[in-house]
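Structure record follows, encoded as structure tokens.
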Amino acid sequence: MNADDAGLQAIDGPAALAAARLQLLGAARHRLALHLPLLGRDDYGNEAELAELKRIATSGRRAEIRILLHDPAAALRDGHRLIALFQRLSSSIAIRTPVEDVDRQNASAWLLNDSGGYLVLPDASRPQGRMALADRAAQAPLQQQFDEIWERSVRASELQKLDL
């Protein structure tokens, strides 16, 4: 598969980043993995992105969205719309927080979908990186790294809705 077939693109700027996220969310069928050292107000919070996340989360028995969020308390405090979606659909959306220093120091952000697509930002605070629509070979090491961090992380219990 050449780069054109894989949909490989450089991402540079907030508009290109938002378009890439939406395209990859739209291509996902049942599973998604997000590594988010930072969760900005504009990240995964607009109507179109939330609609795609809800579609994936409610896509059936195999639905699974796993999110590694470095600072869930800040996202909760900021009232991020992704947290509200998680609280409504916690049976198919899981959020964990890295606890080991090596994992917490990982400043890169990425989105991985189940169709071989990925988005990588080497520095989560800057809207610059790369994406591919379908490149499982390049996605595989990212998925392995995500899975390893996921296993070492703890559930973000502060995000659970309190039933009082």
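Residue by residue through region 94-117, note down the ones that are surrounded by fewer than 17 Cβ atoms within 10 Å (Cβ to Cβ), aliphatic (A, V, I, L, M) and not in a helix (DSSP H, G or I).
Across region 94-117, the qualifying residues are A94, V99, A107.
Can you find a residue that is closer than 18 Å to P37 by Cβ, without any contact (Cβ under 8 Å) to a residue 60 or more places away in the chain and either part of a loop (DSSP other than H, G, I, E, B) or in contact with a Pro (Cβ under 6 Å, 6 or more places away or on another chain) (or both) anywhere in region 83-91?
No, region 83-91 has no match at all.
G60: part of a loop (DSSP other than H, G, I, E, B), crowded, with 17+ Cβ neighbours inside 10 Å and not β-branched (V, I, T), yes or no? It would help to see each step written out before you state the result.
Working: part of a loop (DSSP other than H, G, I, E, B): yes; crowded, with 17+ Cβ neighbours inside 10 Å: no; not β-branched (V, I, T): yes.
Against the criterion (part of a loop (DSSP other than H, G, I, E, B), crowded, with 17+ Cβ neighbours inside 10 Å and not β-branched (V, I, T)), G60 does not qualify.
Out of R88, R21, R41, R31, which single residue is surrounded by fewer than 20 Cβ atoms within 10 Å (Cβ to Cβ) and closer than 17 Å to G117 by Cβ? Even if it seems obvious, please write down each step before you answer.
Numbers: R88 fails: closer than 17 Å to G117 by Cβ; R21 fails: surrounded by fewer than 20 Cβ atoms within 10 Å (Cβ to Cβ); R41 fails: closer than 17 Å to G117 by Cβ.
Result: R31 is the single residue among R88, R21, R41, R31 that is surrounded by fewer than 20 Cβ atoms within 10 Å (Cβ to Cβ) and closer than 17 Å to G117 by Cβ.
Can you name the residue in region 118-155 that is of a type in the set (V, I, T) and not in a helix (DSSP H, G or I) and is also farthest from G26 (Cα to Cα) among such residues?
By that ranking, first place goes to V154.
Take the residues of region 137-157 that are modelled with pLDDT under 95 and surrounded by 13 or more Cβ atoms within 10 Å (Cβ to Cβ): which is farthest from S90 (Cα to Cα)?
Step by step, filter region 137-157, then rank; the result is A138.
The values are calculated or read from the model by the stated rules, or taken from the named source; none is laboratory data. Computed from a predicted model, the values in this text were never measured in an experiment. All Cβ positions, glycine included, derive from the backbone under ideal geometry; neighbour counts span all protein chains shown.
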